[in-house]
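Enquirer: To start, I am sharing the structure in question, which I have written as structure tokens.
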Protein chains: 2
Amino acid sequence: MKSEEKLEHKRHSLAHLLGATVLEMYPKAKLAIGPAIENGFYYDIELPETISDNDLPKIEKAMEKMLPTWKEFTHKEVTEAEAKKYFKGNPYKLELIEEIAGKGEKITLYTAGEFTDLCRGGHVEHPAKEIDPLGFTLVRVAGAYWRGDEKNKMLTRIYGLAFDTKEELEAYEKQIEEAKKRDHKKLGRELDLFTFSDLVGAGLPLWTPKGTMLRDILDNFVWELRQKYGYEKVDIPHITKKDLYETSGHWEKFKTELFRIETREGHEFVMKPMNCPHHTQIYARKPWSYREMPQRYASTTKVYRDEQSGELSGLSRVRAITQDDAHVFCRQSQVKEEMEKIWNIIETFYGAFGFALQVRLSLHDSQNMKAYLGDEATWLKAENELRELIKEKVAKAIEAPGEAAFYGPKVDFMAKDSIGREWQVATIQLDMNMPERFDLTCTNEKGEKERIVMLHCAIMGSIERLLSVLIEHYAGNFPLWLSPVQVRVLPVRESHNEYAKEIYKKLRGAGIRAEVALEDIGLGKKVRSAKEERVSYFIIVGDKDIEAKKATLEHREKGNLGQMSTEEILQKLMEEIREKK
Amino acid sequence: MKSEEKLEHKRHSLAHLLGATVLEMYPKAKLAIGPAIENGFYYDIELPETISDNDLPKIEKAMEKMLPTWKEFTHKEVTEAEAKKYFKGNPYKLELIEEIAGKGEKITLYTAGEFTDLCRGGHVEHPAKEIDPLGFTLVRVAGAYWRGDEKNKMLTRIYGLAFDTKEELEAYEKQIEEAKKRDHKKLGRELDLFTFSDLVGAGLPLWTPKGTMLRDILDNFVWELRQKYGYEKVDIPHITKKDLYETSGHWEKFKTELFRIETREGHEFVMKPMNCPHHTQIYARKPWSYREMPQRYASTTKVYRDEQSGELSGLSRVRAITQDDAHVFCRQSQVKEEMEKIWNIIETFYGAFGFALQVRLSLHDSQNMKAYLGDEATWLKAENELRELIKEKVAKAIEAPGEAAFYGPKVDFMAKDSIGREWQVATIQLDMNMPERFDLTCTNEKGEKERIVMLHCAIMGSIERLLSVLIEHYAGNFPLWLSPVQVRVLPVRESHNEYAKEIYKKLRGAGIRAEVALEDIGLGKKVRSAKEERVSYFIIVGDKDIEAKKATLEHREKGNLGQMSTEEILQKLMEEIREKK
């Protein structure tokens, strides 16, 4: 059994233990459902009294006491009548029993210690032996409607965390605590990077000057890297007739997530949820010779997806997603070379943030070929080329059969952030389907039409999501090259303003994002607000500095770096920016 | 009478003359309607036989012959019965008579020479004397359904052009001929700037690498100018809840032109037809002190309008419009200063294309204050400030009372292109309404909340429309700074390729948009294709050039400019680009 699956079984077993404990402490309680979830478990319970987070320690204690008595899980199949008899008086279990029976499925009861629950299984065999009593904890009480429907009764949900060991639990709790401090929604407001408006709507961030600056810095960095490899920018509208997606096949696949528009003339348009079909139409504008291949088109542009309100969260899940999207239209024989170029861009880009990348190769599932487009031979050939590339890159890749998109295999890149969380950050996707559907070709050396292939290769994927990761990764303390305000010049008194302005102008002239604080509010206040706004460097100008024809450089975290001439400061900053330190 | 109005009366009189002539030549013809239109007139007629453009000269001749007999127009009012009797057998006139009578309006018949027509009036009094017989011409025969409804009978429409003099007519005909050669739709395809796709839909241009380059050059130029005046970029989504436009008032005003979206959860969203309401929400994210004013937000972004299919035309009228939009949020006392900054940007920007600008000041109509927002005193004050600014700018402005938007006066800029056509190119609009509706304020020196105002100031307006103008203005021969491909290096033979590549690399290194033609196809062909693609300069590299350690510079129109060193070429090109010559 995989360790991940085993951990899930522990969590599920702990949900039972939680239910059993609560029932012992509150005999009139009625248990509803108790599943394993990411990082832990919960149980929804109808309680005879209201409880709060303060009650959790004593429940947790009771669980720890009961655990040693749970030597093993046993189970038996029962009839609908038997099950109903057992759970008489519990409307939740009775509803579940009827549902299972209605589908013609088996009804099973699982028992550990003196507690029996209606369950499909998936526990550790010997809880007392296998579960670390210090590896779990109860964290939170919340209200939850039975089956998530607000027309139903509100139950009490008790959440628990569970890991294999006490150490892992503590590491996770620390990560959560750290993540809370770094929450990008909170920092985004404090650093004035983005805002939401009730009039505009949820999931539609509005980007302030500083936030837009950050977006542009990232986008320009990607473009700088792409340009070296022959990419060209193209520009596309955000809408299309649905015909485009009927041809591409996305109409069927993405239906519910598409924002649809009916025009005044009754035509059906949709907002683009991706850019590839539009890019194919630019490629298709004229015939191509093999000499002109590949064509590499890049657009940083927003795509729109009709996400459900409940799913939206800060920048992590939005309805307006800015993609730094690019598509390479190339010959089958050019795939590996082009993939390598994209790989290089991804390495350089994510390397700048100090992210170590992990690679996953998503493959087709040979048991389920009907879920994929094209024949298996083509898939196997393409997948082998990706394996070769991974070998040449001296990278280790996790292989994930069945995880490929329906139109081709892909390489995913995962990064671990500064507090240990793992994010999927970039994908290179081979697409053998869309060129087929749009009949994209080039003329080869023999003068024949040759079917081409496409590569999808957004580097950032979604700028919104990447920024949510980066804000939390840096806890808002962006390195100099990313800082919306890189330097602020702080004259000590008004009499130093002129000298400060001179330095400020030199910095701006060198392309540094500098500001100068001329208000008459005292140095202490100026330093404080520069620190709050996470300005990278402050240049302090007082009598002694002017006398020495120098200025004092301070760093947000490193503190006073001493007196330097403007030229020395410029040189230092320019180097730090250039090297993205 | 204004000369414009008089010209329209001439055109209307000529429509009568056309009808009379056709009736004389084809006595069984039935006249329908014959109005004056821009640049001329037409008459829709049911003809007993099919005619073509070849028949027009003899009709025109007959009109010239009849004109001297039309000494004057006379008219009389008649009853419905009299009118019907007069036009017995002509179903079109009968239908019109019933309509006029139905509305309770007067029925009038106008007579000149021996021809009488049902008409509301609007002719010159003495056609023979006032109309230049060489100032008009018939140009085209077309089919037209009666009343534009395809369920009705197809009539023959004869189009004529008419001006005050022969010279003006010829100038217009020449302009049309020249414009046809320069048609941006044709040149856009030839120069590979943009394309349309049937799958994506009409009015939704897809921009190729070269076209996107052009767009970006223009947009960067505007941004360069804006940056100097303290503008900051912000970023906004293309959709919003309709609530935003209900608050702004656009929901009422723009209703039919809005692309609407219903989400899967049943919420009503719309695509933005303008950016100002979104920008207000960025301003509204926090309270502002007078010290922080003005706030100047700029976004180059697409807006969407549900234009009718029949109205779409190349880039001139599209459904996806890219605006270089900016809004200044400022105090009333800062309006003049901010307006002047925008004016400076407009002057520099359009000056770069050699456009001389004319200015129009659109004012409120004091007879109709109820059509405007705010009281007249505020309007007069704001308008006087604009007059002062115009005076300071030493500009002459046409004043247009009643042409202001309901929310504030504006300054329009008009430019004449290289073939004499006039275009409205930019507008500075004062807006006293939206800050009211969104309750936008700043805290003033006294610590009180002060209502602010907004300035709308797109420089290009629509990049699509501006490019349609610029492509035709330059007939595709863009000056160096705008050329998507500025220079192409052309080695004479393959043996010169290495040297050519060196020059190419130096050019690219200096940021020049250069290409190198390494194919083995002969110099003649290389030059030809560089000229067809309107590359500004070619650098030719042959034996003699390499011997002399130089290269030969040729300009697309100016031809051979002689042998120069790479450094000399670079210097020359860089200067020409910098000075936008």
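FYI, it's all coordinate maths here, none of it is from the lab. All values reported here derive from a predicted model rather than from experimental measurement. Here the Cβ positions follow ideal geometry from the backbone for every residue, glycine too, while neighbour counts run over all protein chains shown.
Enquirer: Mind pulling up the Rg/Rh value for the stretch B:287-417? Radius of gyration and Kirkwood radius, both on Cα.
Expert: 0.99
Enquirer: Follow-up question, since we're still on this one. Which Cα, out of A:GLY476, B:SER13, B:VAL527, lies furthest along the positive dipole direction of the protein assembly as shown (beta carbon charges, K/R +1, D/E -1)?
Expert: Ranked along the dipole, the leading option is B:VAL527.
Enquirer: About its Cα centre, what dipole magnitude does the protein assembly as shown give when the only charges are +1 on Lys and Arg Cβ and -1 on Asp and Glu Cβ, stated in debye to the nearest 20?
Expert: That gives a dipole near 960 debye.
Enquirer: Placing unit charges on C-beta atoms (Lys and Arg positive, Asp and Glu negative, everything else neutral), compute the dipole magnitude of chain B about its Cα centre in debye, rounded to 20.
Expert: Around 860 debye, computed over chain B.
Enquirer: Right, another one. Taking the Cα centre of the stretch B:3-166 as origin, sum charge times position over the Cβ atoms of Lys and Arg (+1) and Asp and Glu (-1), and report the length of that vector in debye to the nearest 20.
Expert: 320
Enquirer: Which shape class, rounded, prolate or oblate, goes with the stretch A:102-163 when its Cα gyration tensor gives a ≥ b ≥ c as root eigenvalues, a/c under 1.5 marks rounded, and past that a/b bigger than b/c marks prolate?
Expert: oblate
Enquirer: If you line up the long axis of helix B:56-66 against the longest principal axis of chain B, both from Cα atoms, how many degrees apart are they, to the nearest 10?
Expert: Tilt of helix B:56-66: around 50 degrees.
Enquirer: For the stretch B:282-304 and the stretch A:216-235, write down the distance between their C-alpha centroids in whole Å.
Expert: 28
Enquirer: With the Cα gyration tensor of the stretch A:260-331 giving a ≥ b ≥ c as the square roots of its eigenvalues, does the rule (a/c under 1.5 for rounded; else a/b larger than b/c for prolate; else oblate) give rounded, prolate or oblate?
Expert: oblate
Enquirer: Counting each DSSP H run of 4 or more residues in chain B as -39500 (n - 2.57), what helix-only mean residue ellipticity at 222 nm follows after dividing by all residues, to the nearest 500 deg cm²/dmol?
Expert: The per-residue figure over chain B is -11000 deg cm²/dmol.
Enquirer: Looking at chain A, what % of its DSSP beta bridges pair antiparallel, to the nearest 5?
Expert: Expressed as a percentage, antiparallel bridges in chain A total about 85.
Enquirer: Distances longer than 23 Å among the Cα atoms of the stretch A:197-317: what percent of all pairs is that?
Expert: 48
Enquirer: May I ask you to list the GluC sites (Glu not before Pro) in the stretch B:376-454 that are in a DSSP loop and have at most 14 other Cβ atoms within 10 Å of their Cβ?
Expert: When the GluC sites (Glu not before Pro) of the stretch B:376-454 are filtered for loop state and at most 14 Cβ neighbours within 10 Å, B:GLU445, B:GLU448 remain.
Enquirer: When the distances between all Cα atoms of the stretch B:3-166 are binned every 10 Å from zero, what whole-number percent does each bin get?
Expert: Calculated P(r), rounded to whole percents: 11, 41, 37, 11, 0.
Enquirer: Show me, for the stretch A:327-343, the HN-Hα J-couplings you get by feeding each phi into the Karplus relation (A = 6.51, B = -1.76, C = 1.60, θ = phi - 60°), rounded to Hz, glycine and proline as x.
Expert: Once θ is set to phi - 60°, the couplings for the stretch A:327-343 become 10, 9, 9, 9, 7, 3, 6, 9, 4, 5, 4, 5, 4, 5, 4, 5, 4 Hz.
Enquirer: Determine by what factor the alpha-carbon radius of gyration of the stretch B:115-253 differs from 2.2 N^0.38 Å, reporting the quotient.
Expert: In units of the globular-protein estimate, the stretch B:115-253 measures up at 1.71.
Enquirer: Now for a separate question. What ranking of A:TYR504, A:TYR110, B:TYR86, B:TYR43 emerges when the number of other C-beta atoms within 10 Å of each C-beta is taken as an exposure proxy, fewest first?
Expert: The fewest-first ordering by Cβ neighbours comes to B:TYR86, A:TYR110, A:TYR504, B:TYR43.
Enquirer: Hand me the trypsin sites (Lys or Arg not before Pro) from the stretch A:493-575 located in a DSSP loop with no more than 12 other Cβ atoms within 10 Å, in residue order please.
Expert: For trypsin sites (Lys or Arg not before Pro) across the stretch A:493-575 that sit outside H, G, I, E and B with at most 12 neighbouring Cβ atoms in 10 Å, the list reads A:ARG493, A:LYS549, A:LYS558.
Enquirer: Quick check on the exposure proxy: order B:SER13, A:SER52, A:SER248 from fewest to most C-beta atoms within 10 angstrom.
Expert: Listed from fewest to most nearby Cβ atoms, that is A:SER52, A:SER248, B:SER13.
Enquirer: Around A:VAL318, under 9 Å between beta carbons, what's the net of Lys plus Arg minus Asp minus Glu among the other residues?
Expert: For residues surrounding A:VAL318, the net value is +2.
Enquirer: Using a ≥ b ≥ c from the Cα gyration tensor of the stretch A:487-578 (square roots of the eigenvalues), is it rounded, prolate or oblate, where a/c under 1.5 gives rounded and otherwise the larger of a/b and b/c decides, a/b for prolate?
Expert: Rounded shape, in that the Cα axes give a/c under 1.5.
Enquirer: Contour minus end-to-end for B:GLU98 and B:GLU292, with contour as 0.36 nm per residue of separation and end-to-end as the Cα-Cα distance?
Expert: That pair, B:GLU98 and B:GLU292, stretches by 63.3 nm at full extension.
Enquirer: What share of the DSSP beta bridges in the stretch B:189-474 is antiparallel, in percent to the nearest 5?
Expert: Roughly 85 percent of the beta bridges in the stretch B:189-474 run antiparallel, per DSSP.
Enquirer: Can you tell which of A:LEU490, A:ALA510, A:VAL541 lies farthest toward the positive end of the dipole of the stretch A:487-565, using +1 and -1 charges on the Cβ of basic and acidic side chains (Lys, Arg; Asp, Glu)?
Expert: Farthest towards the positive end: A:ALA510.
Enquirer: Please work out the Cα center distance from the stretch A:122-186 to the stretch B:71-133, rounded to the nearest Å.
Expert: 88
Enquirer: Please work out the Cα center distance from the stretch B:1-21 to the stretch A:378-405, rounded to the nearest Å.
Expert: Using only Cα atoms, the two centres lie 76 Å from each other.
Enquirer: Taking every pair of alpha-carbon atoms in the stretch B:379-456, give the share separated by more than 20 Å as a whole percent.
Expert: Summing the P(r) of the stretch B:379-456 above 20 Å gives 46 percent of all pairs.
Enquirer: A further question follows. Could you pull out every residue, at least 5 positions away or on a different chain, whose amide H is within less than 5 Å of the one on A:GLU515? Hs are placed 1.01 Å off N in the peptide plane, and Pro or chain starts have none.
Expert: Excluding prolines and chain starts, which carry no amide H, the hits are A:VAL487, A:ARG488, A:VAL489.
Enquirer: Quick one, can you get me the convex hull of the C-alpha atoms of the stretch A:189-474 expressed as volume per residue in Å³?
Expert: 154
Enquirer: Let me ask another. Just want the ordering: A:GLU502, A:GLU46, from fewest to most Cβ atoms lying within 10 Å of their own Cβ.
Expert: A:GLU502, A:GLU46
Enquirer: Further question: List, shortest first and in nm to one decimal, how far the label point of B:HIS555 (7 Å from Cα along Cα→Cβ) is from its counterparts in the other copies.
Expert: In ascending order, 5.3 nm.
Enquirer: Run through the other copies and list how far each one's label point is from that of B:LYS181, in nm with one decimal, shortest first; the point sits 7 Å from Cα along Cα-Cβ.
Expert: 7.3
Enquirer: Right, something else. Amide H of A:LYS302 versus every other amide H placed in the peptide plane: which residues, excluding those fewer than 5 positions away on the same chain, fall under 5 Å?
Expert: For A:LYS302, the qualifying residues are A:GLN323.
Enquirer: Kindly write out, for the stretch A:523-539 in residue order, the coupling ³J(HN,Hα) from the Karplus curve 6.51 cos²θ - 1.76 cosθ + 1.60 (θ = phi - 60°), rounded to whole Hz, with x marking Gly and Pro.
Expert: Values, residue by residue: 5, x, 5, 5, 5, 4, 6, 5, 5, 4, 7, 6, 5, 5, 10, 10, 10 Hz.
Enquirer: Further, regarding this structure: Evaluate the distance, in nm, between pseudo-label points positioned 7 Å from the Cα of A:ASP198 and of A:SER316 along their respective Cα→Cβ axes.
Expert: With each label point 7 Å from Cα toward Cβ, the separation is 2.5 nm.
Enquirer: Write out the GluC sites (Glu not before Pro) in the stretch A:229-308 meeting two conditions: DSSP loop, and at most 10 other Cβ atoms within 10 Å of their Cβ.
Expert: Those that pass, being in a loop and sparsely packed, are A:GLU265.
Enquirer: Over the stretch B:366-418, what per residue volume does the convex hull of the Cα atoms give, in whole Å³?
Expert: Hull volume over Cα atoms, normalised by residue count, gives 87 Å³.
Enquirer: How large are Rg and Dmax for chain B when only the alpha carbon atoms are used, in Å?
Expert: When restricted to Cα atoms, chain B yields Rg and Dmax of 29.6, 95 Å.
Enquirer: Something else about it: Per 20 Å bin from zero, what fraction in whole % of the C-alpha pairs of the protein assembly as shown is there, up to the bin with the longest pair?
Expert: Spelled out bin by bin, the protein assembly as shown gives 9, 29, 35, 19, 8, 1, 0 percent.
Enquirer: Given labels modelled 7 Å from the Cα in the Cβ direction, how far is it in nm from A:GLU340 to B:ALA179?
Expert: 5.5
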